[in-house]
Amino acid sequence: MSLFWFVVGQLASTETMSTSKKVITREEWEKKLNDVKIRKEDMNKLVMNFLVTEGYVEAAEKFRMESGTEPDIDLATITDRMAVKKAVQSGNVEDAIEKVNDLNPEILDTNPQLFFHLQQQRLIELIRNGKVEEALEFAQEELAPRGEENQSFLEELERTVALLAFEDVSNCPVGDLLDISQRLKTASEVNAAILTSQSHEKDPKLPSLLKMLIWAQNQLDEKAAYPRINDLSTAALEDPSI
Amino acid sequence: MPVRVLDSSPRSQISGVNQIPAIPPACTLLSVGQTFAGTQNVSSLQKDEAWRVNVRIQGCDLEHGYLCGTMEALNVPFADTPVVTFWEGEIVDIKNYTFFTGKWEATPEDDVKHWSKFQSFSPLLSQVEVDGGKSLDLSNYPFIFMRWKEQYFVNVGTDCGLTIAGFYYVCFSFSDGSINGFYYDPNSSPFQKLELKSTNEGRSGFSFSSYQLQ
Amino acid sequence: MPASAAGNRPEELCERLASVDSGVRLKALREIKNQIIGNRTKKLTYIKLGAVPRVAAIVGDDDSDAPLFVQSAAALGSFACGVDIGVKTVLKSGAFPHLIRILSNQDEKVVDASARSLRMIFQSKLAPKYDFLNRKDMDFILSLLNSVNENVTELAASIIAHSCQTGGEQKALSDEGVLQKLMNLLTGSINQRDASLDAFAAIFRNNSELISKFAGFDNGRKTLGPVVELLKDKYPRTRLLASVCLIVIGQASPCHLEELGVKTKLIPVLVELLEEPGQPGDDAPFTLANFVAGKEELQKLAFDANAVEKLCKFLRKTAVQPKRFEGLLLALSELCSKLEICRNQFHQLQVLHIVIDALKHDSTEVRSAACYCLRSITRSVKSLSAGDFTNETILVPLVQLLRDPSTSVQVAALGPLSNIAVDFTPRKAIFVQCGIVKEIIQLSKSMDSAPRLNAVWALRNLMFLSDKMGKESILIELTLSTLASLICDSEVSIQEQALGLVCNLLDGSIDSIEYAFAEDGKIIKAVARQVKNATNLEVCIQGMYVLSNIAAGNELHKEAVMDHIIPPVSSGGGTPIITSHLRSSDSRLRTASTWCIVNLTHPTSTDASDRIARLRNAGVIGQIKSMVNDPCLDVKFRVRTALEQCTTFGNAAS
């Protein structure tokens, strides 16, 4: 019976909490926000970080000149990195590999998973272009030995080779490999690896800040009604719904 | 001329408060391979009864206050074969274990009641009542107090008609290697007495064997 | 393939490396580099074709231009990456000094390439060592450390991590302010940071003096704080290296780890790293094993952090890489080495069959690690008493390992076998029935002392509480003369185990004592010789227990012991060996010796009074009397027993 009373007590307390949710009006909210100081240099750094990480090299260069914000990385390396990324995105994997190796030979030598994924992408491109024989030879000579070295590679390799077994690849269970998203996936993996090798964060900071904002709003929703930002692209404050 | 060995009073060996408790001295008679034989008195109000008991020490780890072995009960009523159990012992060394059991359904009162049945315990009683004996130094005490808890039946099933729910309060004497004990189990008859003597299996002296784990 | 179609077959490319046209050379170099990066098979192909010396020639050619230097250095680095034979070939090709030379090239790209390439070489144990007590080497490393080029400072840290070994070198580096420079690298790039953590570990290893000095007045809160901070780093490799560095500090100077309060932090970091793919996850179990080895307190902490559960979980995963598999087994073996709770959990998680299967693994290291794991698991007296391990599922694969091509695996397999041999049940007979004894005895005759020791150890445990049949079957195979020679083995530890074996052999039924006298008393003579001459304490103790066991026999047995411990009157007396042992400062030897006297004067024997007289005349009883207040309780009460027995015969001396 004591348990019963305990549960009742708990229910009651949650109820009072939900009814006693604090309401913050838009005016109050804006006033509070105005009191928060953000340094301009910090904003500029965040923008620069975004441009650099995402590879907008010309914009970064311009932004540097206009705002005087120094990028935390040699801008020349961005050009190289973007060239690699573009090569993968346009299906020119061999070219991408050579470019990565010119940038830093350690990247692919010490990252077998990335190397495998690039080779896998190369195979996918051969299949896409209908070069069946070449694809088979490539799988045999270049990829099979990697599969022997690692069980999970073998499974991925088998999945990829399965593409050859279907007449209509667009409608086969492994068809997703031919999708453009597969190229993008590989491209972003290379991009991240290059950034890491340059001791740079592989993700820009701005998205994390926005994620943090959404999470914080969700937490706050349970305790208060307040002007919320629902559309991140406009960052408009919406009146609290009561 | 007969040699007289001075028997120092146990009381004088109980040292002062707050000394770092030392590991009790190893006793060769309590080392692995040693055997003991005797009886367990299982008398109840209705009947006088005792069964024969053999004990063998199988493991000993003084640093952790650990001792283990087997106990074999012969002429057990209603059992066709001797019943062998494996037990694990806690040595009351103050460092690892105190006189208070703190489990197995034994209250400090039960503990004191049972320990007090050993004469050798009387010099320690007052201090144990205060703090469970935490401030005692037993490293030079000529008796070793232990709790033996049976863990499983070795050669019979749990349906053998015997229970191992309880445990033994045990006292070992350095001077002659004798072991006395009392079985405690709220659901069994109280104060079943265990009396064991060190054996030497038809030899004219004591013999030793040992193993080393890798 | 397009590459081969264009005449890019390895043989042709190799040819072109020696072309007079530098453009052709460059193109071939670049092509080879791109083929071998990330591709082990290709590396081996080109190494076989002799490409490495040709590349080395290019890097060594003063006429080469920057692009040629960059490409050749990169290719050499790749050859040296991840393949031992590659490192060997690169070093043999003479490329090393050339790479060092171009470190001071004007072109930054060349410097980068050669520094990277050299760092690959220094990742390997085969790389040459620098001697920091040598001024020239020291100046060189300092010049690298002072470089503004990230790759070069990183190389410097790698060289230190690889080369620094002696206390003298550690001190020399510290005296030159290298620690501070490395500290600065901790705030640099990821690679600089990782390399400097590696170097720290090398400089601090086993050097508590240096650690204290570096830690300074606040016990390292300030100086070592940044390393502790890195335990929370985003990169698993950095977290691992920071852990290794702190473990090294803790092992050399435990108080500092305590002061920094990182002991409890390290365990969860390492346990979490087990989840990581790649190198950090492969190394984590080894680091964890090293950290908790022999430390019960840390094993408990690891247990509380669910380490056993996690390790077992990974063990269950199919197709674990051999290296990681080995690490998982080793970590489990350390965790289960002392605590029964860990062993219990291991059993509950039902992974024993995986460990047993690992005994048949292709990798020598995995087989050994599986043995170590089983050795820890079989340390439970509780399980041994239940006969849990005495079955063919475990014993058969273990015994097969006694014929393993690798001696270290044989030795490792004898570990769990020794433990299982203790088995307290009649099941013990399986050792004889399955021919296991035969295999073990074979190894007890090995020329190599490691398997010999472990084999004798296993036999000693097998002999423990063995029945008459068991003893007989072991002795038939072993023979008394082999046993006698093992008692006098050149290795002290083997002597000790052999004497333990004899103790167990003679214990039990009184007939067993006859073994000591068989074949003209081979055994008792060997034992007596050791008791008289051995300088090792453990050997003396075991030897005295053997004599004590014999002295528990009949009149003839007792007399034989008397003859060995008291010199005949004709020899002019002297201090009997038993008296010197009774006077030992080690209580265990005094105990063993006193037992011998107790048995010799045992009241059930008829001639006890004669022996008491003899002992008294030799001064032994006097010695015993002087021991009535021995500080060791065990000795004190045995002395009492002995003296009481003497009194019983009414002969005790005045």
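Answer yes or no: is there a residue in the range C:174-184 that is assigned to a helix (DSSP H, G or I), farther than 23 Å from C:Leu231 by Cα and either of a type outside the set (Phe, Trp, Tyr) or within 14 Å of chain A (Cβ to nearest Cβ) (or both). Taking every residue of the range C:174-184 in turn, at least one turns out to be assigned to a helix (DSSP H, G or I), farther than 23 Å from C:Leu231 by Cα and either of a type outside the set (Phe, Trp, Tyr) or within 14 Å of chain A (Cβ to nearest Cβ) (or both). Can you tell me which condition C:Glu229 does not meet? The list is (1) in contact with a Gly (Cβ under 8 Å, 6 or more places away or on another chain); (2) under 17 Å from C:Met183 (Cα atoms); (3) not hydroxyl-bearing (Ser, Thr, Tyr), and all the others hold. Only one criterion is unmet by C:Glu229, namely (1). Here is a check on your reading of the model: is C:Phe200 of a type outside the set (Asp, Glu), touching a Cys at 6+ places or on another chain (Cβ under 8 Å) and away from chain A (no Cβ under 14 Å)? Answer is yes for this residue. Without any contact (Cβ under 8 Å) to a residue 12 or more places away in the chain and in contact with a Ser or Thr (Cβ under 8 Å, 6 or more places away or on another chain), is that true of C:Thr647? It is false that C:Thr647 is without any contact (Cβ under 8 Å) to a residue 12 or more places away in the chain and in contact with a Ser or Thr (Cβ under 8 Å, 6 or more places away or on another chain).
Check whether at least one residue in the range A:142-149 is within 29 Å of C:Ala74 (Cα to Cα), touching a Leu at 6+ places or on another chain (Cβ under 8 Å), without any contact (Cβ under 8 Å) to a residue 12 or more places away in the chain and among the charged types (D, E, K, R), and report yes or no. Among the residues of the range A:142-149, at least one is within 29 Å of C:Ala74 (Cα to Cα), touching a Leu at 6+ places or on another chain (Cβ under 8 Å), without any contact (Cβ under 8 Å) to a residue 12 or more places away in the chain and among the charged types (D, E, K, R), which makes the answer yes. The lone criterion from (1) modelled with pLDDT under 85; (2) within 14 Å of chain C (Cβ to nearest Cβ) left unmet by A:Asp168 is number (2). For the range A:136-159, a residue qualifies if it is basic (Lys, Arg) and either within 17 Å of C:Lys323 (Cα to Cα) or within 11 Å of chain C (Cβ to nearest Cβ) (or both), and exactly one does: A:Arg146. Considering the range C:595-605, the residues that are of a type outside the set (A, V, I, L, M, F, W, C) and within 47 Å of the chain's Cα centre (by Cα) include one that is farthest from the other protein chains (Cβ to nearest Cβ), namely C:Thr601. Scanning the range C:29-81 for residues that are among the hydrophobic types (A, V, I, L, M, F, W, C), part of a loop (DSSP other than H, G, I, E, B) and within 13 Å of another protein chain (Cβ to nearest Cβ) returns C:Ile37, C:Ala80, C:Cys81.
Note on the range C:600-649: enclosed helices (runs of 4 or more DSSP H) holding 2 or more residues that are out of contact with any helix residue (DSSP H, G or I) (no Cβ under 8 Å at 6 or more places or on another chain) are C:608-617, C:633-648. The number of residues in the range A:73-104 that are facing chain C (nearest Cβ under 8 Å) and under 14 Å from A:Gln198 (Cβ atoms) comes to 1. Selection of the range A:187-218 for residues being of a type in the set (Ser, Thr, Tyr) and either crowded, with 18+ Cβ neighbours inside 10 Å or under 30 Å from A:Lys21 (Cβ atoms) (or both) yields A:Ser197, A:Ser208.
Scan the range A:18-43 for residues that are hydroxyl-bearing (Ser, Thr, Tyr) and either modelled with pLDDT of 85 or more or not in a helix (DSSP H, G or I) (or both) and the total you get is 2.
Of the helices (runs of 4 or more DSSP H) lying entirely inside the range C:362-454, the ones with 2 or more residues being among the hydrophobic types (A, V, I, L, M, F, W, C) and more than 22 Å from C:Leu329 (Cα to Cα) are found at C:430-433, C:436-444. Put simply, of A:Asp231, A:Asp239, A:Asp221 the only residue that is in contact (Cβ under 8 Å) with a residue 60 or more places away in the chain, over 28 Å from C:Glu154 (Cα atoms) and exposed (fewer than 14 other Cβ atoms within 10 Å of the Cβ) is A:Asp239.
Considering C:Ala498, C:Ala528, C:Ala455, the condition of being without any contact (Cβ under 8 Å) to a residue 40 or more places away in the chain, among the aliphatic types (A, V, I, L, M) and either away from every other protein chain (no Cβ under 13 Å) or surrounded by 17 or more Cβ atoms within 10 Å (Cβ to Cβ) (or both) is satisfied by C:Ala528 alone. Taking the range C:10-38 as the range and being out of contact with any helix residue (DSSP H, G or I) (no Cβ under 7 Å at 6 or more places or on another chain) and either closer than 19 Å to C:Gly60 by Cβ or surrounded by 14 or more Cβ atoms within 10 Å (Cβ to Cβ) (or both) as the test, the residues that pass are C:Glu15, C:Val20, C:Asp21, C:Lys27. Residues in the range C:14-28 that are assigned to a loop (DSSP other than H, G, I, E, B) and either at positive phi or not polar (S, T, N, Q) (or both): C:Leu17, C:Ala18, C:Val20, C:Asp21.
Filtering the range C:387-419 down to residues that are crowded, with 18+ Cβ neighbours inside 10 Å and among the hydroxyl-bearing types (Ser, Thr, Tyr), which residue is farthest from the other protein chains (Cβ to nearest Cβ)? This residue is C:Thr390. Scanning the range A:153-171 for residues that are touching a Pro at 6+ places or on another chain (Cβ under 9 Å) and under 19 Å from C:Gly278 (Cβ atoms) yields a total of 1. Selection within the range C:171-211: residues that are touching a Gly at 6+ places or on another chain (Cβ under 9 Å) and not aliphatic (A, V, I, L, M). The member of this set that is farthest from C:Ile121 (Cα to Cα) is C:Glu209.
Residue-by-condition table, conditions (1) at the interface with chain B (Cβ under 9 Å from one of its Cβ atoms); (2) at pLDDT below 90; (3) closer than 24 Å to C:Pro568 by Cα:
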residue: C:Ser585; (1), (2), (3): no, no, no
residue: C:Arg590; (1), (2), (3): no, no, yes
residue: C:Ser593; (1), (2), (3): no, no, yes
residue: C:Asp607; (1), (2), (3): no, yes, yes
residue: C:Ala618; (1), (2), (3): no, yes, yes
residue: C:Asp634; (1), (2), (3): yes, no, no
residue: C:Arg640; (1), (2), (3): yes, no, no
residue: C:Gly650; (1), (2), (3): yes, yes, no
residue: C:Ala653; (1), (2), (3): yes, yes, yes
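B:Val154 meets each of the listed conditions (1) facing chain C (nearest Cβ under 10 Å); (2) farther than 25 Å from B:Asp80 by Cα; (3) of a type outside the set (S, T, N, Q); (4) over 12 Å from the mean Cα position of the chain (by Cα) apart from (2).
Residues are listed down the side, and each one gets a yes or a no for (1) among the aliphatic types (A, V, I, L, M); (2) in contact with a Pro (Cβ under 9 Å, 6 or more places away or on another chain); (3) more than 19 Å from B:Phe36 (Cα to Cα):
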{"position": "B:Gln127", "(1), (2), (3)": "no, no, yes"}
{"position": "B:Gly132", "(1), (2), (3)": "no, yes, yes"}
{"position": "B:Phe172", "(1), (2), (3)": "no, no, no"}
{"position": "B:Ser189", "(1), (2), (3)": "no, no, yes"}
{"position": "B:Glu201", "(1), (2), (3)": "no, no, no"}
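Let me confirm something: among C:Thr604, C:Thr594, C:Thr579, C:Thr575, which residue is buried (at least 23 other Cβ atoms within 10 Å of the Cβ), of a type in the set (Ser, Thr, Tyr) and out of contact with any His (no Cβ under 6 Å at 6 or more places or on another chain)? Sole residue among the options that is buried (at least 23 other Cβ atoms within 10 Å of the Cβ), of a type in the set (Ser, Thr, Tyr) and out of contact with any His (no Cβ under 6 Å at 6 or more places or on another chain): C:Thr594. Among the residues of this structure, C:Val422 counts as one that is within 13 Å of chain B (Cβ to nearest Cβ) and under 23 Å from B:Thr85 (Cβ atoms).
The values are calculated or read from the model by the stated rules, or taken from the named source; none is laboratory data. Note that the structure is predicted; figures quoted are calculated from it, not measured. For neighbour counting, all protein chains shown are included, and Cβ atoms are generated from backbone atoms with ideal geometry for every residue, glycine included.
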